[in-house]
Every structure is written in C-alpha cells, then in structure tokens.
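Worksheet for the structure shown next.
Every read-out reported here was derived from the displayed coordinates using simple, explicitly stated rules and does not represent laboratory data. In this text, all values refer to a predicted model and were calculated from it rather than measured experimentally. Glycine gets a Cβ as well: all are built from the backbone with ideal geometry, and neighbour counts include every protein chain shown.
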Amino acid sequence: MYKLLEGLSIVECASFVAAPSAGLYLSQLGASVTRIDHAEGGPDYRRWPVADSGESFYWEGLNRGKKSVAVNVRDKAGRTLIQDLITAPGEGAGILVTNYPCDGFLSHEVLAKKRPDLITVRIMGTADGQSAVDYTVNSAIGLPFMTGPEALGDEPVNHVLPAWDLLAGSYAAFVLMAAINHRERTGQGQEIRVPLADIAIAALGNLGQIAEVLQSGHDRPRIGNDLFGAFGRDFATADGRRMMIVALTQRQWTALVETLGLTEKVAELEARLGVDLATSESVRYQYRKEIYPLIAGRVCRFTLEELGATLSRAGGCWGAYNSLHEAVTQTQTVRGNPIFEEIDNVSGLRYPVAGAPATLPAFQRGKPQSARSLGADTFSVLQDRLGLSASECDALKAKGIAGRAQV
C-alpha cells in the first residue's frame, strides 16, 4: 500500500468484479474506500471460491483495505442513510463508485441534489442499461470462436479470466482520477459511465481487430497456442515439461536460434524461402509451420531448467507452463515477491496477499491490509462522516436500519 491518494474519501456501492476492483486499486494507493453492502451481505458476499468456514476468498480478496458498512438497502431509511454517506461534506469526499442502475436511489441526478460536485463512476453492462457481465460481453464479440485449437470447429471456448471486468475496473479508476482533476480545476462534479461492452469492443478496435475483420470480410481463424502475427508457441522439453517461447524482436529471435544451435539450419531455410526471418516478426509468423519443426526438434533435447537458463542469459523470451498451485508454491511468483505479504484474513486463514502491483521506488511499500468483516465499520463511519451520536447509532441498529443483520 502507498499513500499517493491519501485525503480521498470514496464510497463504493457495488458487487462482483469490475467496480470492487476499481475500489481496491484506489485503496492500494492510499484512498479511504468505504464499501456499503446490504445488511445480510451483497450478492457476492458468499461467492466462490470459499474457505471451509464458508467465508468467500473472492470477497475478502477484492475488499482488502476497505472499510465495511452494512445497511438495510430494502428500507427507505437505510437508502437515505446511504445517500447521506455518499454526499457527506468534506474536501476529497463526494465520490461514488458503483454498478447500481442509472436510475433509482443511487442515480447521479438524485445524489447531485444533495452534493452538486459529486463524482459518480458507474460501471454498467451495456450503454443502454441492459444487464451484461464479462462472459456475456465476451461471447457477443466473437472471441470464443477465435480461442482454442482449430479442431474445435464452431464450438465456442469461454475464457477463464474475467478480462473485461478487470479492464473495466482499471479504466474506472483511471477516469475517476481524471474527474477528480477536473473537479479540482473547475469545481464541477459529473457522472461517468463505463459499460463493459464498450470497454471490450473498444479494446478490440484499438488492437486493430475491427479493421482486420472489415478488410478481410471474415473472423480471424483459430490457431491454437500460436501467437498471432509473431513467433510464439508452446514446446515440449526433455523432462516432459512445456515452455512458451516467444520471439517478437530480432534479439529474441537471434538468442533462440543461437541457443538451439540452429544458425545454419535457419540460414538454409531463409535461402530456400527467400526471406529474412531475423528482421520481421510477421515473416516469422507467416512461415511458422516451416520454423516450428526446427525449434521443436531442438527444444526436446533440453530440460526446461537447462534451456530456460541458457535462453535467459542470451536475451531470449520464454515462460514455463505451471499450474497455479505450482506457481504459488514452487516459484518466486508469490514467495519472495515483494508485493506479497502473509497476513491474517477474515476467512480465518493466514496466507500471502498482494498489495499494489505497481512498485514506487521512491516510496516505502506499506503492508497489505486485510478485508474487514461485513459491517465491522458501520457505526464508526456513521459517527465520523455524519456526526451521529452513539445513541443515534444504537437506535438505527435496533430498528434494523444499520449494522450487519443476524441471519
């Protein structure tokens, strides 16, 4: 954790991945983020994966470092209380991150009547307000038909990582900082809407894939584990492991060829094809079927450790194929990585958790913080932000308006 955003006070009314990840990133850089959930927990409160106790690893992962407030969202007085927290006075406050619908009690128009300089960042499914999640967005833009081996034919392959959720969360945090900068210069608040569907299709456009499909008249074909437009694929090593080898640059290609002792063979291939494989990644991709047998025939003579070490010294680019369990327990990906620290968690388990993925060499990295149990900060936040007395808080609790519900 760093303190670059110290002084910002953000309210998060959201669930699932995109908006909570935005709040997480802001918290990791020093903002005070208060997540407000329904008194019984939001729809993601028990989401898998879960500990043996039933506590959600997912929930505690996305809510690290945030204060937790529990309010009865179904009660009118509870909804008013949430509005008051969002629009409470204070420099650096008046900021909402949410995935609630555009209308209703968290509409920007309603909230801005209480605080005109309010900034609302709203993550949506589609721009017209229809429901959509990462996986329905991904299915709608064709990627499942480009993913996987050619042998699958027309069978779609869904992705495992919720990429559009994570990208939307990152973009939401980015546009929020732009809105804060604008408010500091002009005094104006605003609502910013970030639809998942627009994030996804804009990303494909930025990568040239819209132009590609319009020019060609058809989708990009499936190519399995090949890297589109460049040299890259998985290869088997002598010890039964697999490694991903990539050569985007001339240096990486030369390192690979020389490490495998293929200088003469590649020169013969270049002469036969009439091309220079060293200077163009697109040429290497175009003739990949001629190149792959040469590479595969040499990679299989080495163990992964042997070839990996030699390639690294020569300036090559490669990565081992690991299971997640192997990556966590047997490599430096987690153990020994300074962004991780082992802490106690709401689930009752102690394990390594990540702080900010960015490293700021000029600043000391703070210890990652655990999530708070549901509603743990409800009454301290109500007292600090709204100036409520202890007796007023007790009354809200007694009426079932604020505080974690006993279920």
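Annotations
- In straight-distance terms, cross-link reach from residue 265 covers every one of the lysines whose alpha-carbon lies under 26 Å from its own, apart from those fewer than eight places away in the same chain; here that gives 289.
- Taking 7 Å steps out from each Cα toward its Cβ at residue 213 and residue 362 produces label points 4.3 nm apart.
- Under the simplified labelling scheme, the residue 163-residue 279 pair shows an inter-label distance of 3.2 nm, with each label point 7 Å from Cα along Cα→Cβ.
- In the chain, helices alone account for a calculated mean residue ellipticity at 222 nm of -11500 deg cm²/dmol, with every DSSP H run of four or more residues adding -39,500 (n - 2.57).
- For segment 242-320, alpha-carbon Rg relative to the globular expectation (2.2 N^0.38 Å, N residues): 1.02
- Within segment 231-260: backbone nitrogen closer than 17 Å to the residue 320 label point (7 Å, Cα to C-beta): 234-246
- Neighbourhood net charge (13 Å Cβ-Cβ; Lys/Arg +1, Asp/Glu -1) for residue 39: +2
- Labels on offer are [x] 24.4; [y] 17.8; [z] 22.4, and the one holding mean projected area of the Cα convex hull in nm² computed from this structure is [x].
- With R₀ set to 25 Å, the beta-carbon distance separating residue 181 from residue 391 gives a calculated FRET efficiency near 0.05.
- Here is the P(r) of segment 73-166: all C-alpha pair distances, binned every 10 Å from 0, give 14, 33, 23, 16, 10, 4, 0 in whole percents.
- DSSP loop GluC sites (Glu not before Pro) with at most 11 other Cβ within 10 Å: longest gap in the chain: 92-407
- Taking chymotrypsin sites (Phe, Trp or Tyr not before Pro) across segment 145-229, the ones in a DSSP loop with at most 15 further Cβ atoms lying within 10 angstrom of their Cβ are 228.
- Residues of type lysines that residue 76 reaches as a straight line, Cα spacing below 24 Å, ignoring anything fewer than 8 places off in the same chain: 67, 113, 114, 397, 399
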